[in-house]
1. Looking at region 172-204, which of the residues that are modelled with pLDDT of 95 or more, within 12 Å of the ligand (Cβ to nearest atom) and open to solvent by 30 Å² or more (accessible area, probe 1.4 Å) is nearest to G131 (Cα to Cα)?
2. For region 93-106, how many residues are within 14 Å of the ligand (Cβ to nearest atom) and open to solvent by less than 40 Å² (accessible area, probe 1.4 Å)?
3. If you scan region 51-79, which residues turn out to be within 24 Å of M1 (Cα to Cα), open to solvent by 30 Å² or more (accessible area, probe 1.4 Å) and in a helix (DSSP H, G or I)?
4. Could you tell me which of the residues A72, A32, A26 is away from the ligand (no atom under 15 Å from the Cβ) and in contact with a Ser or Thr (Cβ under 8 Å, 6 or more places away or on another chain)?
5. Can you confirm whether region 15-38 contains a residue that is part of a loop (DSSP other than H, G, I, E, B), open to solvent by 40 Å² or more (accessible area, probe 1.4 Å) and in contact with a Lys or Arg (Cβ under 8 Å, 6 or more places away or on another chain)?
6. Within the set of pairs 6+ apart or on separate chains, which have a first residue in region 205-216 that is at pLDDT 95 or above, a second that is away from the ligand (no atom under 11 Å from the Cβ) and part of a helix (DSSP H, G or I), and C-beta atoms under 6 Å apart?
Amino acid sequence: MNLTDRVVVITGGAGGIGSALARRFATEGAAAVVVADLDADAARAVADGVGPVAHAAALDVTDEEQVRALVADTERRYGRIDLFCANAGVTTSGGVEVDDAGWDHAWRVNVLSHVYAARAVLPAMLTRGGGYLLHTCSAAGVLTAVGDAAYTTTKHAAVGFAEWLSVTYRDQGLRVSALCPQGVDTPMLAEGLAAGHLGARVIAASGAVLSPDQVADSVIAGLAEERFLILPHPEVAAYALRRAEDPDGWQAGLRKLVRRLRA
Ligand SMILES: NC(=O)c1ccc[n+]([C@@H]2O[C@H](COP(=O)([O-])OP(=O)(O)OC[C@H]3O[C@@H](n4cnc5c(N)ncnc54)[C@H](O)[C@@H]3O)[C@@H](O)[C@H]2O)c1
């Protein structure tokens, strides 16, 4: 897929990766870019910066009614949605002690919102014989996010759901990609580093921290090739392979890194 004349929706569009995608999709010639975020003012600022093709929308991705309404409004305004980017995400920075409300919130934002998006866009996409879903997951979804149990668990679920969609609907024209970056220089990682969270320090020590614009470059390349797994950090593929071939050895290596950072 190329972006020329495409109608795109991006959730979490006001954030680091979402706003970089919005800018890049507009540069690539998108017909419309809907920047949807819980933070309506920030979404408006991003849309203003992107220019006339962009439209800001207030959206809580955990509210299915709001997701449905956004999809219906976009289809009414622009006639269709070619690419829906389920990009909003949250961390918990905790382990098993995180309370049920924290787990529930991570589950609703990182997983259930992707289900809501698919439910809302699939009927029109399947009727038209095509459409594209980009799920922002994480390297945590194919590996482990040290220090964040709910993030690891929900991102694994997000990759699983994206894979299920791709296997189930690819023959009907639906294309699906799972974007799985490691460290990206956005408020999410910056806040973790500023707070000294172990997980953020492990991410920073595990490879390059990319700019959101570099992630957008990878997304453009991945969409052009209609690749399922988009890995802005290519080393994640090697880590995932090592994890599959030798889970105990891979876990031992990660624990060693954690011990070094804790020392
Ligand atoms: N930054 C990283 O290192 C990194 C690495 C891998 C994956 N990711 C994933 O990338 C995605 C984007 O994160 P980012 O790094 O740009 O972080 P970010 O914090 O800059 O952006 C996240 C955006 O999501 C929005 N959001 C949160 N809850 C929402 C809700 N309920 N409804 C609508 N919007 C909501 C926030 O307002 C924010 O604008 C997330 O899914 C994240 O898990 C980030």
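The values are calculated or read from the model by the stated rules, or taken from the named source; none is laboratory data. Just so it is clear, the model here is predicted, and its values are computed rather than measured. Because the Cβ atoms are built from the backbone with ideal geometry, glycine has one as well, and the counts that use them run over all protein chains shown. Surface accessibility is based on the protein's heavy atoms, side chains included, excluding ligands, DNA and RNA. Shrake-Rupley method; radii C 1.70, N 1.55, O 1.52, S 1.80 Å.
1. Q182
2. Number satisfying all stated conditions: 2.
3. Once the filter is applied, which keeps residues that are within 24 Å of M1 (Cα to Cα), open to solvent by 30 Å² or more (accessible area, probe 1.4 Å) and in a helix (DSSP H, G or I), region 51-79 yields A72, D73, E75, R76, R77, Y78.
4. Residue meeting the stated conditions: A32.
5. So the first thing to find is which residues in region 15-38 are part of a loop (DSSP other than H, G, I, E, B), and the list is 15, 28-31, 38.
So of that shortlist, the ones also open to solvent by 40 Å² or more (accessible area, probe 1.4 Å) come out as 28, 31, 38.
With in contact with a Lys or Arg (Cβ under 8 Å, 6 or more places away or on another chain) added as a condition, the list becomes 31.
Yes, because at least one residue in region 15-38 is part of a loop (DSSP other than H, G, I, E, B), open to solvent by 40 Å² or more (accessible area, probe 1.4 Å) and in contact with a Lys or Arg (Cβ under 8 Å, 6 or more places away or on another chain).
6. Short answer, once both residue conditions are applied: A216/R24.
Condition check ((1) touching a helix residue (DSSP H, G or I) at 6+ places or on another chain (Cβ under 9 Å); (2) not small (G, A, S)) across all residues:
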residue: M188; (1), (2): yes, yes
residue: A195; (1), (2): no, no
residue: G199; (1), (2): yes, no
residue: S211; (1), (2): yes, no
residue: A216; (1), (2): yes, no
residue: A221; (1), (2): no, no
residue: E226; (1), (2): no, yes
residue: P234; (1), (2): no, yes
residue: A240; (1), (2): yes, no
